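What follows is one structure encoded as structure tokens, with my remarks underneath.
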Amino acid sequence: MQSATIERAGMIPGQGLRVACFANQFGDRQGHGLARYARELLEALRGIGGPEIIPVAGWSGLEPEALAARQQETGLQLTGLGRRGTSLLWTFLGRPSLEACLDAPVDVVHAVSLGYPVATRKPLVVTIHDLGPLIRPDYFRNTSPWVMQRSLDQAVRQADVIACVSQYTADTVREYAGPSVEARLRVVLEGVSEAFFTPADPALLHRFALPPGVPFILSAGAASPRKNLAGLLRAMTVLGSSIPHHLVLAGGAGWDSGEIAQALAAPALRNRVHRLGYVSDPELRALYQAADLYVHPSLFEGFGLPVLEAMASGTPVVASDRTSLPEVAGQAGCLCDASDPEALAAAILQVCGSADLRARMAAQGRRRARQFSWSSCARAMAGIYSDAVS
């Protein structure tokens, strides 16, 4: 490929190209999930000195005042399309083209996630994070399988290159899109921010009023069925008093609150579970570093970035053995069938019960996390931009 030739020649891939990166997630003020991916990738692309990046904010709530505030918060120069109806025009009419909405010409358009189709006449790169609503519609209430299939079909028709964030996601795209997509598929793994390798400020934990001197297990994620927080609570019930650890849950309320409330009612969990709600990035880093163990019991992921963030923070990880998580955790995490509370409890007990094992896993996890960087992700993506125009 052309990008490989550029790398061997020592040139920066994508140099001289102007790329419009389109992401609705710029409107997400809390900045986790796809919003974190969009922000980290764009900052890394700018950092390698390759293509010129024009971040384009979609129609998801970014009116002029909100756009100005978001620009100040992120330091990114965002271009808002300004009309909520743009999505309908793109979906049903295929116009106006994205480049017609911008102030200057671009060479490539990059749709940073698989959403409604982006109307463009320029070479198009689409990033697919997962096909969850197609594979497990019961886990994804807000997107119907029909909408996801339509979005995938549109991406397959339009895109010059389809970038997948994991081998698992690439395999599922191949399965649901058919053989015609094979030559255009690329796997570009996510990275982990350097900030997670650096010491956090423990004073940031004061506002959570966690019991002093009590070790804790951390899990981060919104309360949706695929995150399996109810299963983690059941595993903690199985453990009972066999470990002294409390459980700290960081993340939004989600839509699995009923099952979680039922699991929380177990007498064994009384006063031992702390739900923090949304936490900032600095607070999350402090929580990772203070925890004895991070548990990621999710039953469906396209990548699983919190696993890497915990490993970078020097925290041992117990994770589900489903979907993309084995390829992210590698041999550095303790993988188990997280759908089985007994199996999950056994894995937690194994790690929490041995300080030596935790120390070994912490060291292995840091080495594993070092294999994933946003700079590498950006260089691979910049090479894809070069391929798209060749």
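Here, each number is a calculation from the coordinates, and none is a lab measurement. As the structure is a computational prediction, the values presented were derived from the model and not from experiment. With ideal geometry, Cβ positions are generated from the backbone for all residues, glycine too; neighbour counts draw on all protein chains shown.
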Residue order, fewest to most surrounding Cβ atoms within 10 angstrom, among Ser180, Ser313:
Ser180, Ser313
Under 19 Å by backbone N from the virtual spin label 7 Å along Cα-to-Cβ at Ser241, the residues of segment 321-356 are 349, 353
Roughly how many nanometres apart are two label points built 7 Å out from the Cα toward the Cβ at Glu259 and Leu349?
2.4
The chain - percent relative contact order, Cα under 8 Å, separation 6 or more:
17
Rank these for me by crowding, Thr172, Thr127, going from fewest to most other beta carbons within 10 Å.
Thr172, Thr127
Cβ under 14 Å from Arg18's Cβ, Arg18 left aside: what net charge do those residues give with Lys, Arg +1 and Asp, Glu -1?
-2
Count the net charge of all other residues whose Cβ sits under 9 Å from the Cβ of Ser320, scoring Lys and Arg as +1 and Asp and Glu as -1.
-2
With DSSP loop assignment and no more than 16 other C-beta atoms within 10 Å, the trypsin sites (Lys or Arg not before Pro) in segment 282-390 are Arg370
So what is the 222 nm mean residue ellipticity for the chain from helices alone, if each DSSP H run of at least 4 adds -39500 (n - 2.57) and you divide by all residues, rounding to the nearest 500 deg cm²/dmol?
-11500 deg cm²/dmol
For Thr237, Thr143, what ranking results if the residue with the fewest other Cβ atoms within 10 Å of its Cβ goes first?
Thr143, Thr237
Relative to the present Cα-Cα distance, how much length would full extension add between Gln331 and Ala100 at 0.36 nm per residue of separation?
78.4 nm
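Averaging the inverse of every distinct alpha carbon separation and then flipping it gives the Kirkwood radius. What is it for segment 194-369, in angstrom units? Write down the numbers at each step before the final one.
Working: mean 1/r = 0.0632 Å⁻¹.
Result for segment 194-369, one decimal place: 15.8 Å.
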Out of Glu175, Glu342, Glu65, a Gaussian network model of the chain with alpha-carbon springs under 10 Å gives the largest mean-square fluctuation to Glu65
For the chain, modelled as a GNM with alpha-carbon contacts under 10 angstrom, which of Asn271, Asn24, Asn228 fluctuates the most?
Asn271
Which one of Gly333, Gly50, Gly191 has the biggest mean-square fluctuation once the chain is modelled by GNM with Cα springs under 10 Å?
Gly50
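Find how much the distance from Ala68 to Arg370 grows on full extension, using 0.36 nm per residue of separation minus their present alpha carbon separation; answer in nm with one decimal.
Values: separation 302, 0.36 × 302 = 108.72 nm, distance 3.52 nm.
Value of the extension gain: 105.2 nm.
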For Ser280 and Arg46, calculate 0.36 nm times their separation in residues minus their Cα-Cα distance, and state this gained length in nm to one decimal.
81.9 nm
For the pair Arg121 and Ser390, how long in nm is the line joining their label points, each one 7 Å along Cα→Cβ?
2.6
Residues meeting the amide H criterion for Val273 (H placed from the backbone, H to H distance under 5 Å, 5 or more places apart or on another chain) are Leu247
What list of ³J(HN,Hα) values in whole Hz, one per residue of segment 306-313 in order, does the Karplus curve 6.51 cos²θ - 1.76 cosθ + 1.60 (θ = phi - 60°) give from phi, with Gly and Pro shown as x?
x, 4, 5, 4, 5, 4, 4, 7
